[in-house]
Amino acid sequence: MRTRRFAAAVSVTVLALVGLTACGDDEEQDNTKTEAKALADQAVAAMDKIEFLSNKGSGTDENGNPIGIDACAVMKTKDVKGTLKLGDESAEMLEVGRVRYIKATPLGWAQFAGRPGDARVADLFEQASEGKFVKSEPEPGDAATVDFFDGKTDNVTKGAVTTFQGKDVVPLVQERDEDGDKVKKTYYIAAKGEPVIVGQVEETVGGKEREETVFTKTDKCEVSAPPADQVIEEAEFNKRVDEAQGN
């Protein structure tokens, strides 16, 4: 029952962050003819020009339970704030300077730990966290939540033109191994005009885990780290959880 897996899940969930429609009155660029890596690089550049992004996503976890996210990001700093949903429970999440902060409801902790409705586990986590944000430092090589393509565009493949949310798009697919599973992430790039990412689907190959995210511009997103007296370090939190379990 560690927070690292959950923090990673936040990055996956959340980090699916952002999607928009192509905009501008310029002569429309045809993105369908651009090679995969070049298009991915152009998409990252287009997204980085946006000031604030808003994201609403939904899907299912590895057990088929409903999940969701409602978040926004400041693209200049890559800071993010939002609410994660798993079933009927929720958690607040912040990412400031790549440091992540998570605060869940008592039953939210139990849900995220894979023990939904378990009052004993909920109480254990609530006592360990003291109702504060659990702070997780980034590990070497960790990408920010809104680093599209996980900061690497050299392993992307391009699919045939399709539609996403009623828009013509070019799918760019990236796969990775994670905890023994193969995870497939598909970014949908506007087929015409500025090559913005209009949506994303992340799924575990052969599993139930899947989340679809649609991205939109927003005119405001204010993100700041929680006060120091409202934060507990991840190591201390995990230590308390282990001690409460007799480990």
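The values are calculated or read from the model by the stated rules, or taken from the named source; none is laboratory data. Only a predicted model underlies this, so the values are computations on that prediction, with no experimental measurement involved. Note that each Cβ is placed from the backbone with ideal geometry, even for glycine, and that neighbours are counted across all protein chains shown. We work out accessible area using only protein heavy atoms, side chains counted, and drop any ligands, DNA or RNA first. Shrake-Rupley method; radii C 1.70, N 1.55, O 1.52, S 1.80 Å.
Hey, among ALA128, ALA119, which residue is open to solvent by 30 Å² or more (accessible area, probe 1.4 Å), modelled with pLDDT of 90 or more and among the small types (Gly, Ala, Ser)? Show your work before the answer.
Numbers: ALA128 fails: open to solvent by 30 Å² or more (accessible area, probe 1.4 Å).
The conditions single out ALA119.
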Seminar exercise, completed: When GLU202 is run through (1) over 16 Å from THR216 (Cβ atoms); (2) in contact (Cβ under 8 Å) with a residue 24 or more places away in the chain; (3) open to solvent by 20 Å² or more (accessible area, probe 1.4 Å); (4) of a type in the set (Asp, Glu), the failure sits at (3)
Exercise. For the stretch 38-63, which residues satisfy the criterion of being of a type in the set (D, E, K, R) and either within 28 Å of GLY207 (Cβ to Cβ) or surrounded by fewer than 14 Cβ atoms within 10 Å (Cβ to Cβ) (or both)?
Worked result: ASP48, LYS49, GLU51, LYS56, ASP61, GLU62
For this session: Give the residue that is most open to solvent (accessible area, probe 1.4 Å), with candidates limited to residues of the stretch 205-235 that are among the aliphatic types (A, V, I, L, M), part of a loop (DSSP other than H, G, I, E, B) and under 17 Å from MET93 (Cα atoms).
Result: ALA225
For this session: Looking at (1) farther than 20 Å from THR60 by Cβ; (2) crowded, with 16+ Cβ neighbours inside 10 Å, find the lone condition where SER90 falls short.
Result: (1)
Seminar exercise, completed: Flagged pairs (Cβ under 6 angstrom, 6 or more apart or on separate chains; first in the stretch 120-143, within 15 Å of TYR101 (Cβ to Cβ); second open to solvent by 80 Å² or more (accessible area, probe 1.4 Å)) are LYS135/GLU233; PRO138/ARG98
Exercise. Identify, please: which residue in the stretch 161-186 is in a loop (DSSP other than H, G, I, E, B) and touching a helix residue (DSSP H, G or I) at 6+ places or on another chain (Cβ under 9 Å) and is, among those, least open to solvent (accessible area, probe 1.4 Å)?
Worked result: VAL161
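Collect the residues in the stretch 133-160 that are closer than 22 Å to ASP41 by Cα and open to solvent by 40 Å² or more (accessible area, probe 1.4 Å), keeping them in residue-number order.
Within the stretch 133-160, GLY141, ASP142, ASP150, GLY151, LYS152, ASP154, ASN155, THR157, LYS158, ALA160 qualify.
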Exercise. Does ALA104 satisfy the criteria of being closer than 20 Å to ILE69 by Cβ and either open to solvent by less than 20 Å² (accessible area, probe 1.4 Å) or not small (Gly, Ala, Ser) (or both)?
Worked result: yes
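If you check LYS78 against the conditions, is it open to solvent by 40 Å² or more (accessible area, probe 1.4 Å), modelled with pLDDT under 95 and within 18 Å of the chain's Cα centre (by Cα)?
Criteria not met by LYS78.
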